Amino acid sequence: MLRAAGVGVGDEVVVPAFGNVEVAEAVVLAGALPVFADIDPVTYCLDSSAVEAAITPRTAAVVVVHRFGRPADMVRLLGVGERHGLLVLQEGESGEPYDEIAQRRQRAGYLDAKLRGVRTPDGGDGHTYQQYVVRVPGNGRPDRDAFARAVQAKGVDCRVPVKTPVHRLPEYRRCVSLPETERAADETLALPVDATLTKRDMQRIVGACNALGGLLQPAF
């Protein structure tokens, strides 16, 4: 899509650093330079104000990635593109049957109501919960990584969704301030929310997390 739009050598493309490296790679393959902008801490998608601040005379496009099943604020992002005459591309997430999404939303609602000591995701409009991502603040004990190990030891298949932001990778390292990206990379943890989970599975997830939650200091 970038090449088809004429994006190439000498151009800059604003992309998120929170997520997979493939978007930055695609920009480089088109001959352009990826420029990283910070994310919104609620949606984990590009923040429109951060995008606008990253624009230079060489900016040709913005690539928006919808994250964890939560859509980005496209009204604001498209508005930025319109004001500056930029191409705004979207990388969506794979479509799934409605009944499967409905079951994930049901399980997410259960976790929202039962979890303690972690910050649960903001559902927002259209969240499909491809991943159920909580925040484990690092100012208490245990921090996110220790929390994850303890929960895994109790049989819960949790994982860190973004281990290293792209701007920290050697081949894309940039001297750029992305505080929300850094914080999200350090605090986020994806808990199971699959449609196949039974009620007992859900109770085990809650029990494992809440047994540790009391050790966390309130950060929100």
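The values are calculated or read from the model by the stated rules, or taken from the named source; none is laboratory data. Only a predicted model underlies this, so the values are computations on that prediction, with no experimental measurement involved. Positions of Cβ are generated from backbone atoms using ideal geometry, with glycine treated the same way; all protein chains shown enter the neighbour counts. The area values use the complete protein model at the heavy-atom level, side chains included, leaving out ligands, DNA and RNA. Shrake-Rupley method; radii C 1.70, N 1.55, O 1.52, S 1.80 Å.
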Scanning the range 118-139 for residues that are assigned to a loop (DSSP other than H, G, I, E, B), touching a Leu at 6+ places or on another chain (Cβ under 8 Å) and closer than 19 Å to Asp201 by Cα, which turns out modelled with the highest pLDDT?
Thr120
Under 6 Å by Cβ, and 6 or more places apart or on different chains, what pairs join a residue from the range 144-171 that is in a helix (DSSP H, G or I) with one that is of a type in the set (Val, Ile, Thr) and open to solvent by less than 30 Å² (accessible area, probe 1.4 Å)?
Arg144/Val136; Phe147/Val136
Looking at this structure, is Ser48 among the polar types (S, T, N, Q), within 19 Å of the chain's Cα centre (by Cα) and crowded, with 21+ Cβ neighbours inside 10 Å?
yes
Considering the range 55-67, residues that are open to solvent by less than 20 Å² (accessible area, probe 1.4 Å) and among the hydrophobic types (A, V, I, L, M, F, W, C), and then whichever is farthest from Pro165 (Cα to Cα), we arrive at Ala61
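Name the one entry in Val23, Val42, Val28 that is surrounded by 18 or more Cβ atoms within 10 Å (Cβ to Cβ) and either in contact with an Asp or Glu (Cβ under 8 Å, 6 or more places away or on another chain) or outside any loop (DSSP other than H, G, I, E, B) (or both).
Val23
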Tell me whether the range 2-15 contains one or more residues that are in contact with a helix residue (DSSP H, G or I) (Cβ under 7 Å, 6 or more places away or on another chain), farther than 21 Å from Asp73 by Cβ and touching a residue at least 24 places away in the same chain (Cβ under 8 Å).
yes
